[in-house]
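Written out below as structure tokens is the structure these notes cover.
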Amino acid sequence: MPEGLVQAPAMPAALRQPVLEVRNLTIGFPLRQGTLRAVDGVDFDLHAGKTLCLVGESGSGKSATARAILRIVPRPGQIEAGSILYRGAGGETDIAKLDPGGRQVRAIRGGEIAMIFQEPMTSLSPLHTIGFQLVEAIRLHTRLDRRAARARAIELLRRVEVPRAENAFERYPFEYSGGMRQRAMIAMALACNPKILIADEPTTALDVTTQAEILDLMRELQRDLGMAVLFITHDMGVVAEIADEVAVMHRGRLVERGPVEDIFLAPQAAYSRMLIQSVLRLEEPAPQRAQRAERLPNAPILLKVDGLTKVFAPRKGLFRRGGEAVQAVAGVQLELREGETLGIVGESGSGKTTLGRCIMRILEPEGGSILLRQRDGSVTDVRGLDRAGLRQAHREMRMIFQDPYGSLNPRMTVGEVIGEPLLVNGLLSGEALRRRVGELLEMVGLPAAAAERYPHAFSGGQRQRISIARAVALSPRLIVADEATSALDVSIRAQVLDLLLDMQERLGLSFLFISHDIGVVRYFCDRMAVMYRGRIVETGSTEQVCSAPEHGYTRALLSAVPSADPRRRGLGRRSRYRDE
Amino acid sequence: MLHFIGRRLLAMVPFLLLTSVTVFTLIQLPPGDYLSNYAAQLAESSETVDQATLENLRQRYGLGQPLPVQYLKWMGGVLQGDFGQSFEWQQPVWPLIRERLGLTLLVTLSALLFTWAVALPIGIYSAVRKYSLADYLFTFLGFVGLAVPGFLLGLLVMYVAVTWFGQSVGGLFSEQYEGAPWSLDKVLDLLAHLWIPMIVIGLSGTASLIRIMRANLLDELNKPYVETARAKGLPEWKLLLRYPVRAALNPFVSTLGWILPHLVSGSVIVAVVLNLPIAGPLLLQSLLTQDMYLAGAFLLLLCCLTVLGTLLSDILLALLDPRIRFE
Amino acid sequence: MSTSTAAAPPPLPATRLADTLSPRRLMWLRFRRHRLAMLGLIVVGLIYFTAAFAEFLAPMDPNRAAARYALHPPQSITWFEHGEDGLRFRPSVPFYRMERDRRTLQARFVPDPDRRIYLRLFGEGDPYRFWGLFPASRHLLAPEQPGDPLFLTGADRLGRDVLSRTIYGARISMTVGLVGVALSLFLGVGIGGLAGYYGGRVDWVVQRLTEYVISLPTIPIWMALAAAVPRDWPPLTVYFLITLIVSLIGWTELARVVRGRFLSLRTEDFVTAARIDGCSEMRIIFRHMLPSFASHIIASMTLAIPLMILAETSLSFLGLGLQPPTISWGVLLKEAQNIRSIAAAPWLFLPGAAVVVAVLALNFLGDGLRDAADPHA
């Protein structure tokens, strides 16, 4: 394994030594049947002023590794072997040998090594003001009195660019936006000038534009304060953006470690190669798309949405004055041709999911029309259909959901789930149904025997395949896929996207592909529509929108997307968009 | 905050109205009316029936008139502090129930305090030391507490007191203070008697509260903010009390809405067994003898007590949880 | 769960036992691990069995009174006897003579060493009509000489067998729970389902109504309702009225559970998917939603039964519920209300012990069911 020591030659000798040396770290979780090795013999170093990215898919043991450094591995997990050598002001300490509840570890936690977490919504206590939680962190490790601690807290809030810091000090977390909460978390972590900052997926729950701002902030803070940063993420784009060094974890083991350029350009281990490739593949358009690019403009229009509007009424009680009505979808207009894929891109709250659900009439739109071209060439307004008509329309328009766990009935076998639309529409039953379900399962790459089992026996990716089989069971022409790949790990995501492309070729499907992930849209969609606050601000071919965005918001969005190439880091100037 | 309390108070009005209608319906349910019973009883005890008095009462309560009119007359009286006449005691209801209601409140609230004082620490302990021996023990004891009805526990306590200690434990006062004017000695005597009904009534609610506290705290212990606080370097016990316990208190406090009715219910029946001079025995007696205005007053006031408890828990909750306050 | 990383579609994960089982079966496996719940299940089963075969299992007619056996103490069974040919199975109980204290004239029972009452399994005893239908006279345990006193847990004030009365009481008390829960279920599922399904205004009204009912102190309301039931109505009518009264309060918890599950399920993706599949509303409710919360309803019902039993017991204890000659545990306990009689005859507590055991077992059972239905809650 390469010893990736990248450092400036001018540094004094003391700083050249790593601040943290992790050797042979092994963490076990005792279970009913034996012990689960969540982390197995991991080695790495952290250097002052440098960022090490710990990369891996869910369940790879990266979070447990980070928690072990602070000795907060959740019970019943425990460090079974290895050392965590920390070089602080008070000399060298092996953190792995300390008592996890003892004074020494507590002095390190927050004082020398600070940590920020993934969920900005729940990582701050909802019942205490931001100020209280900040002051507590400051006073735990310094001798500042109340007033001085308050001043320091406000200074910290200013430092992390929280607007009107004095005011924000008195506020509760629920009065902050997600990005602001993560800023407050960072302020709290910086309270005592830690030597090491551990960040566990700090931007995963954030929108891409907010993520870019937080990454900027972290980079700037690191430059000014000279911390070592351990950054845990599953997003290779983020890695390329901020890492100096990368460590790739897979099933509890460290499969590769090295400088970021080496990992991206010449990955050695098979697993990191696969990981990099599945990311890089999404940088290019899917090959299938090039083939159809020419015939698409001439294909008939399958779906034409015009002036679609959906307003969410405020909650009202007998004695409660309601808030303001929210216009989730405001006069949306879009077209989708037969065999085409249209990506709807937007951040959380942009109304893209509501739009998809309105088109399916899961939600009732207040205004506009949804014109669907029938097989015989006639056009129906889905919005005006009665129950029976809608039932017919739903044989043509199907849906795939985001959550692979919530979208399959846990009490039905996979065969029953896939067969349900065929059965209730009176198309097939008995042996014929069973055979058809088997065919569908094989079509999505699962053995026909899977029909006997219940959904809980399948992984997220496999469940999504089952959802796809259910969606295509009725030979539909339109599929609305709402964040269909967002809950999946990156390697699985590429597989599912390819399955969808394959289905599209075979069955002549059109997709309305709703996603927040520009990379996926760039790979998968022929055209894209950018949605912002209930409106579509820009539509066009994917290449055209990505290379020459016209609207300010699109520019801001695209410039915030991290590129999966460390050499292009910071090349494109970030553009910010403020809608007044 | 004032705005919040005002809104809650306003929301209580329909509840209280509904309560009064419910109670009125209840006291009207048994066949026969109060005045015919009254007249019959007077006649039975060979007293002269004063037609004028009867007519006067008939007027006052609108008897013989349609039920809505009777209800309005009754409510009108209640709003002015006139709960009507007890025909069994032949005197106004209010002085009869005044002291008993006060003592009911005292007994119920002390049972509530007992319940909280026991359930809170045990609940916290059980959650933090999940699946420990003590956790199992407390869970089991909690189940037993849930399964033993209050009156049975009261009987058991009396049995143990009589057979093992040779003394009777009923009542709230020793003989010499019964009916005596209030004095410091009487208060001390009351406190000396209070603890048995307090435990007997309180124990039935304790089990559910322990389980609620335990479940809430277990939920909270898994929340990310606990990890944040731990990563700050807070000592474990301080962290526990400051964050998850504090958060788990909210649902705990909101149980006040049903634990109070539960305790009032329990007090009624335990009072009959332990012969306590509170609402229970007199209410039972008035129901058995169809002394409807007396029963009605008790029912109405006990119900109001619990509706007030709900209001109190709402306000307490708003004080504890900024999210509710800012809603 | 692991997934293969190759580009080819991943094979099914290696078969683990849990993967091939249905959710219901998994629930049963989880339930079986819960030892107290299993114990609860067995005890509840035994109690209902006893209630079902009360006539046969009770040694005596519960209403046979004999003044000379008033407050007769419990007799303990000796199963084997030393005979000439060694130990022999021959159950018997001691015979008690009644003596009067010379000064106080109080009756006292003393065992007579010279006389034993021999018992027979499946012996002839007081005649009865099994389930009110088939005339019979066999009892599980009966004295060889019909008419001999057999009071395994003592006699009450009127010389009736407490054990037999407790066994018969199980029939009424335990079924009050069942019938009451059935009524509650009807009310709760109806009202809760209505609220959860229609949402909006209906939901608002139902929620306020539920809140209101929960905020009422139940026992005083029950007392008032029960006091309105005329004393001279036939026992069966009173029984149903009391059950109805008890369930009038019990439905709120069920309604809350049903409404909550309904609301959360209504927005689940798999229900939306069923709608898009073309399922009718009926099929969505019965095929897709109901199986997902049936187990919760069963658990809540199991936990509601003990509440009903306690309510009936309390009301009857106060003299407002069932009335003698109906035999329920509450009615029996009413006789133990007097502290002096308990001090003299603590065996009158037996029905109380029965209540505690039954309620405890039902609570363990319900708790285990709830945990098994919802392993993550």
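The values are calculated or read from the model by the stated rules, or taken from the named source; none is laboratory data. As the structure is a computational prediction, the values presented were derived from the model and not from experiment. Because the Cβ atoms are built from the backbone with ideal geometry, glycine has one as well, and the counts that use them run over all protein chains shown. The accessibility values were calculated without ligands, DNA or RNA, using every heavy atom of the protein model including side chains. Shrake-Rupley method; radii C 1.70, N 1.55, O 1.52, S 1.80 Å.
Residues that are surrounded by fewer than 24 Cβ atoms within 10 Å (Cβ to Cβ), assigned to a strand (DSSP E or B) and within 13 Å of chain C (Cβ to nearest Cβ) within region A:240-255 comprise A:H250, A:V255, listed in sequence order.
Of all the helices (runs of 4 or more DSSP H) wholly in region B:17-103, which have at least 3 residues that are open to solvent by less than 60 Å² (accessible area, probe 1.4 Å) and at pLDDT below 80?
Numbers: elements: B:34-44, B:51-61, B:67-79.
Result: B:34-44, B:51-61.
Within region B:272-327, work out how many residues are more than 8 Å from chain C (Cβ to nearest Cβ) and not in a helix (DSSP H, G or I). Residues that pass the stated criteria total 9.
Please note which strands (runs of 3 or more DSSP E) are completely contained in region A:63-169 and include at least 1 residues that are surrounded by fewer than 18 Cβ atoms within 10 Å (Cβ to Cβ). I'd like the intermediate steps shown before the answer.
Working: elements: A:78-88, A:91-94, A:113-116.
Hits in region A:63-169: A:78-88, A:91-94.
Check A:A494, A:A548, A:A560, A:A564 and return the single one that is out of contact with any strand residue (DSSP E or B) (no Cβ under 8 Å at 6 or more places or on another chain) and surrounded by fewer than 18 Cβ atoms within 10 Å (Cβ to Cβ). None of the other options fit; the residue is A:A548.
Return yes or no: is A:F29 touching a helix residue (DSSP H, G or I) at 6+ places or on another chain (Cβ under 9 Å) and open to solvent by 20 Å² or more (accessible area, probe 1.4 Å)? When the stated conditions are applied, A:F29 passes them.
Here A:E166 does not qualify as acidic (D, E), without any contact (Cβ under 8 Å) to a residue 12 or more places away in the chain and not assigned by TED's automatic domain parsing to the domain that holds A:R106.
Give region A:213-239 a look and list any residue that's closer than 19 Å to A:V520 by Cα and open to solvent by less than 10 Å² (accessible area, probe 1.4 Å), or say none. Show your work before the answer.
Initial filter on region A:213-239 (closer than 19 Å to A:V520 by Cα): A:233-239.
Those that are closer than 19 Å to A:V520 by Cα and open to solvent by less than 10 Å² (accessible area, probe 1.4 Å): A:T233, A:M236, A:G237, A:V238, A:V239.
Test of understanding: among A:K50, A:K62, which residue is closer than 15 Å to A:G258 by Cβ and out of contact with any helix residue (DSSP H, G or I) (no Cβ under 8 Å at 6 or more places or on another chain)? Exactly one of A:K50, A:K62 is closer than 15 Å to A:G258 by Cβ and out of contact with any helix residue (DSSP H, G or I) (no Cβ under 8 Å at 6 or more places or on another chain), namely A:K50.
So which of A:S459, A:S515, A:S467 ends up being facing chain C (nearest Cβ under 9 Å), within 29 Å of A:T203 (Cα to Cα) and touching a residue at least 40 places away in the same chain (Cβ under 8 Å)?
Details: A:S459 fails: touching a residue at least 40 places away in the same chain (Cβ under 8 Å); A:S515 fails: facing chain C (nearest Cβ under 9 Å).
Among A:S459, A:S515, A:S467, only A:S467 is facing chain C (nearest Cβ under 9 Å), within 29 Å of A:T203 (Cα to Cα) and touching a residue at least 40 places away in the same chain (Cβ under 8 Å).
Among the residues making up region C:301-339, those that are assigned to a helix (DSSP H, G or I), open to solvent by 20 Å² or more (accessible area, probe 1.4 Å) and in contact (Cβ under 8 Å) with a residue 40 or more places away in the chain are C:M301, C:L303, C:L307, C:L310.
State which residue is farthest from A:L355 (Cα to Cα) when the search covers only region A:518-564 and only residues that are of a type outside the set (A, V, I, L, M, F, W, C) and part of a strand (DSSP E or B).
Just the residues of region A:518-564 that are of a type outside the set (A, V, I, L, M, F, W, C), to begin with: A:519, A:522-523, A:526-527, A:532-535, A:538-544, A:547, A:549-555, A:559, A:562-563.
Restricting the remaining residues to those that are part of a strand (DSSP E or B) gives A:527, A:532, A:535, A:538-541.
Working: A:R527: 17, A:Y532: 12, A:R535: 10, A:E538: 15, A:T539: 15, A:G540: 18, A:S541: 20 Å.
For region A:518-564, the residue satisfying everything is A:S541.
Is it fair to say A:Q277 is at pLDDT 85 or above, within 28 Å of the chain's Cα centre (by Cα), of a type in the set (S, T, N, Q) and part of a strand (DSSP E or B)? Considered against the rule, which asks whether it is at pLDDT 85 or above, within 28 Å of the chain's Cα centre (by Cα), of a type in the set (S, T, N, Q) and part of a strand (DSSP E or B), A:Q277 comes out as no.
Yes/no matrix, rows are residues, columns are (1) buried (at least 24 other Cβ atoms within 10 Å of the Cβ); (2) among the basic types (K, R); (3) over 23 Å from C:I214 (Cβ atoms):
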position	(1), (2), (3)
B:A279	yes, no, no
B:L287	yes, no, no
B:Q290	no, no, yes
B:L302	yes, no, no
B:L305	no, no, no
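Hey, does region C:261-270 have a residue that's within 13 Å of chain B (Cβ to nearest Cβ) and either surrounded by fewer than 20 Cβ atoms within 10 Å (Cβ to Cβ) or outside any loop (DSSP other than H, G, I, E, B) (or both)? No, there is no match, as no residue in region C:261-270 is within 13 Å of chain B (Cβ to nearest Cβ) and either surrounded by fewer than 20 Cβ atoms within 10 Å (Cβ to Cβ) or outside any loop (DSSP other than H, G, I, E, B) (or both).
For A:N193, state whether it is without any contact (Cβ under 8 Å) to a residue 60 or more places away in the chain and not in a helix (DSSP H, G or I). Don't jump to the end; show me each part of the working.
Values: without any contact (Cβ under 8 Å) to a residue 60 or more places away in the chain: yes; not in a helix (DSSP H, G or I): yes.
Judged against the criteria, A:N193 is a match.
Tallying residues that are in a loop (DSSP other than H, G, I, E, B) and open to solvent by 70 Å² or more (accessible area, probe 1.4 Å) within region A:374-408 yields 5. Output the residue which, of all residues in region A:273-301 that are under 30 Å from A:D376 (Cα atoms) and of a type in the set (A, V, I, L, M), is most open to solvent (accessible area, probe 1.4 Å). Once the filter is applied, the top-ranked residue is A:A290. Pairs linking a residue in region B:100-112 that is within 11 Å of B:L305 (Cα to Cα) to a residue that is open to solvent by less than 20 Å² (accessible area, probe 1.4 Å), with Cβ atoms under 6 Å and 6 or more positions apart or on different chains, are B:T104/B:I278; B:T104/B:A279; B:T108/B:L263; B:T108/B:V264; B:T108/B:S267. Which residues, taken from region B:104-144, are within 25 Å of C:L310 (Cβ to Cβ), over 25 Å from the mean Cα position of the chain (by Cα) and open to solvent by 70 Å² or more (accessible area, probe 1.4 Å)? Within region B:104-144, B:Y136, B:L137, B:F140 meet the criteria. When C:A336, C:A294, C:A299 are checked against the criterion of being under 23 Å from the mean Cα position of the chain (by Cα), assigned by TED's automatic domain parsing to the domain that holds C:L225 and under 29 Å from C:P234 (Cα atoms), a single residue qualifies: C:A336. Filtering region B:125-140 to residues that are part of a helix (DSSP H, G or I) and modelled with pLDDT under 85 leaves B:T139, B:F140. Checked against the criterion of being open to solvent by 30 Å² or more (accessible area, probe 1.4 Å) and in contact with a helix residue (DSSP H, G or I) (Cβ under 7 Å, 6 or more places away or on another chain), the candidates C:L105, C:L87, C:L57 yield just one match: C:L57.
If only one of B:L190, B:L172 is away from chain A (no Cβ under 14 Å), open to solvent by less than 30 Å² (accessible area, probe 1.4 Å) and assigned to a loop (DSSP other than H, G, I, E, B), which one is it? Please lay out each step first, then the result.
On the way: B:L190 fails: assigned to a loop (DSSP other than H, G, I, E, B).
Exactly one of B:L190, B:L172 is away from chain A (no Cβ under 14 Å), open to solvent by less than 30 Å² (accessible area, probe 1.4 Å) and assigned to a loop (DSSP other than H, G, I, E, B), namely B:L172.
Against the criterion of being more than 29 Å from the chain's Cα centre (by Cα), at the interface with chain C (Cβ under 9 Å from one of its Cβ atoms), assigned to a helix (DSSP H, G or I) and surrounded by fewer than 19 Cβ atoms within 10 Å (Cβ to Cβ), A:A449 qualifies. Filtering region A:115-159 to residues that are more than 7 Å from chain B (Cβ to nearest Cβ) and in contact with a Cys (Cβ under 9 Å, 6 or more places away or on another chain) leaves A:I138, A:T142.
When A:L427, A:L423 are checked against the criterion of being facing chain C (nearest Cβ under 9 Å) and more than 35 Å from the chain's Cα centre (by Cα), a single residue qualifies: A:L423.
The requirement of being more than 8 Å from every other protein chain (Cβ to nearest Cβ) and small (G, A, S) is fulfilled somewhere in region B:232-254, by at least one residue.
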